[in-house]
Amino acid sequence: MSVPDRRRVAITGIGPVTPVGIGVDDFWDALVNGRSGAGPITRFAADDFPVKIAAEVKDFDIEKFLEPRRARRHERFSQFAFAAAILALRHAGLEPTDPDPARVGIVIGTGIGGIALYEEEHRAMLQRGPRFVSPELIAMMIPNAAAGSLAIELGFTGPNECTVTACAASGHAIARATDWIRNGAADVVLAGGAEAAITPLSLASFCSARALSRRNDEPTRASRPFDADRDGFVFGEGATVLILEALDTARARGARVLAEILGYGLSADAHHIVAPHPEGAGAAAAMTAALADAGLAASEIGYLNAHATSTPLGDVSEAQAIRKVFGDRPPPSSATKSMTGHLLGAAGSTEIGATVLALGNQLLPPTINYETPDPRIELDVVPNAARAEKFNVALSNSFGFGGHNVSVAVAAA
Amino acid sequence: MGKQEFYEALRNVLVSRLKVEPEKIKPEADLFEDLGLDSIDLMTAVMAIEEEFGIEVSDKELEGITTVGQAVDLLSGKVGVGA
């Protein structure tokens, strides 16, 4: 079911701030060479935690992007979003002053928001008293602070929103941005996700939930989606912002079109707040809906960027969903999280960015650390080494706690 | 504790916490016009000084404070400088 007169949606810029690299060149170089961004936790002393590893963003200096007086007003997750937005605008060849500001929208998702500042200020209250809590805490920690701050810093006055659906948040952001362009609410949208939640409190909760890999002695081998010996995800952080534009206005300004968003699909598991549906029914529904929205047959999909977090249950559920949609001939399906770790609310846009780069380079990023097949996962996971592949259309999946599923279909420009 | 000590403490908070350029800070500098602070910045700075020196400043006392020098006078007055 396609609507013939809706506007087409181009992707013209990618701004990654990730544990494997900042900026498209470093990010893509790491992915095609199978480099992991995981290592020992450095942001705080994690000695008392059963998990002592994470995928942190290295060498991040917000002052390369924003003057110090303004930068200090933004929590770390908003700072990631800002840097990612600047990188994406540059990649798209857009100066912030180029477009009509009223025609530029912003949608930045996050799973958790400014929890680092929350923990710091909560400690201040308990140790020193309520008088010593920062007046800026609430304004900086709210999940929508990144989207609002980007508008304040860049002056874009179009639609502005925040999607909060845990690890599907930036998948939903891309879907939202696609709607705005299709229906004419905006010509350009800065869309993506940001997360900076590697803090003692969130780490403790994920540890209690047994969600994280405990392979502390081999951090770069800890995230191993689809491998039989996977034991949980690697906690990551970062942001990726994509520049979405109406294809007609992008072409009119002579933009380099990287890919086109053909459609997306959304669904809910309606099953459990954290456990995936055992047969992947919700995930399959999202992929099927994305194909329908894009007007595609399953056989036209040449690559699938899986959500695949490296948890024992989640990867099996997604593999079953993929088989349900694609039958006996599923497309090659690799897991970017094997290298980046799990960026939670920033995972979806980061992986759609990786998928766009895969399309542009006709090269599939691998699933690293794939050593022992899991008999329940019957997929070509592009094991351990990037692979040249001729393909025109790809899907990228994002699923979140709460049972939210997003699948996005992108095509070569 | 002399005024100089409060001046240095305020200067330190403005530079390290609020990222004000050090060369802009002078007794006659206007906190809002010259240093670019807003009311939340001023609260943040005053809270840090309150904590460092164990003093308390009311919102009412802060009203009308516009320069670095006035802020130092207010803060140092809290511990009876020269008394």
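Computed from the coordinates by the stated procedures, all read-outs in this text should not be read as laboratory data. Keep in mind that what you see is a predicted model, and the values were worked out from it rather than measured. Cβ placement follows ideal geometry from the backbone for every residue including glycine, while neighbour counts extend to all protein chains displayed.
List the GluC sites (Glu not before Pro) within the stretch A:311-390 that DSSP assigns to loop and that have no more than 13 neighbouring Cβ atoms inside 10 Å.
A:E371, A:E378
Between A:D227, A:D374, A:D187, find the one with the highest GNM mean-square fluctuation for chain A; connect C-alpha pairs within less than 10 Å.
A:D374
So, in Å, what gap is there between the alpha-carbon centers of the stretch A:282-303 and the stretch A:105-149?
38 Å
When Lys and Arg each count +1 and Asp and Glu each count -1, what net charge do the other residues less than 10 Å away from A:I115, Cβ to Cβ, add up to?
-3
Using alpha carbons only, how many angstrom separate the centre of the stretch A:311-335 from the centre of the stretch B:44-74?
61 Å
222 nm [θ] for chain A, helices only, -39500 (n - 2.57) per DSSP H run of 4+, per residue, to 500?
The helix-only estimate for chain A comes to -9500 deg cm²/dmol at 222 nm.
Give me the percent of Cα-Cα pairs in chain A that sit more than 37 Å apart, rounded to a whole number.
Numbers: 13282 of 85078 pairs.
The share of Cα pairs beyond 37 Å in chain A comes to 16 percent.
Please compute the average number of Cβ atoms from other chains found within 10 Å of each residue's Cβ in peptide A:342-350.
Mean inter-chain Cβ contacts per residue within 10 Å come to 0.
Can you check how the C-alpha radius of gyration of chain B compares to 2.2 N^0.38 Å, as a plain ratio?
0.98
Please name which of A:V189, A:T165, A:A222 has its Cα lying farthest along the dipole of the stretch A:148-236 towards the positive end, using unit charges on Cβ (Lys, Arg +1; Asp, Glu -1) and the Cα centre as origin.
So the residue we want is A:A222.
Please list, by residue number, every one of the GluC sites (Glu not before Pro) in the stretch A:196-297 that is coil in DSSP and has at most 15 other beta-carbon atoms within 10 Å.
Filter output for the stretch A:196-297: A:E279.
Viscosity 1.002 mPa s, temperature 20 °C: Stokes-Einstein D of the stretch A:186-289 from its Kirkwood Cα radius, in µm² per second?
Roughly 122 µm²/s, to the nearest whole number.
Could you grab the relative contact order for the stretch A:192-307? Cα pairs under 8 Å, six or more apart, rounded to a whole percent.
20 percent
With chain A treated as a Gaussian network of Cα nodes joined by springs under 10 Å, which of A:D98, A:D26, A:D61 yields the largest mean-square fluctuation?
A:D98
Expressed as a whole number of Å, what is the distance separating the alpha-carbon centroids of the stretch A:217-241 and the stretch A:60-85?
First find each Cα centre; the distance between them is then 26 Å.
Amide H of A:G105 versus every other amide H placed in the peptide plane: which residues, excluding those fewer than 5 positions away on the same chain, fall under 5 Å?
A:D187, A:V188, A:V189, A:L190
Shape call for the stretch A:347-413 from the C-alpha gyration tensor, a ≥ b ≥ c root eigenvalues: rounded (a/c under 1.5), prolate (a/b greater than b/c) or oblate?
Because a/c hits 1.5 or more and a/b fails to exceed b/c, the stretch A:347-413 counts as oblate.
With a 10 Å radius around each residue's Cβ, average the other Cβ atoms per peptide and rank A:352-358, A:148-154, A:286-292, highest first.
Ranked by mean Cβ neighbours within 10 Å, highest first: A:352-358, A:286-292, A:148-154.
Can you give the convex hull volume of the alpha carbon atoms of the stretch A:1-116 per residue, in Å³?
193 Å³
Within 10 Å of each Cβ of B:40-51, how many other protein chain Cβ atoms are there on average?
So the per-residue partner count for this stretch is 3.
If we sort B:66-79, B:10-23 on the protection proxy, mean other Cβ atoms within 10 Å, highest first, what's the order?
B:66-79, B:10-23
Give me the percent of DSSP beta bridges within chain A that run antiparallel, rounded to the nearest 5.
Close to 70 percent.
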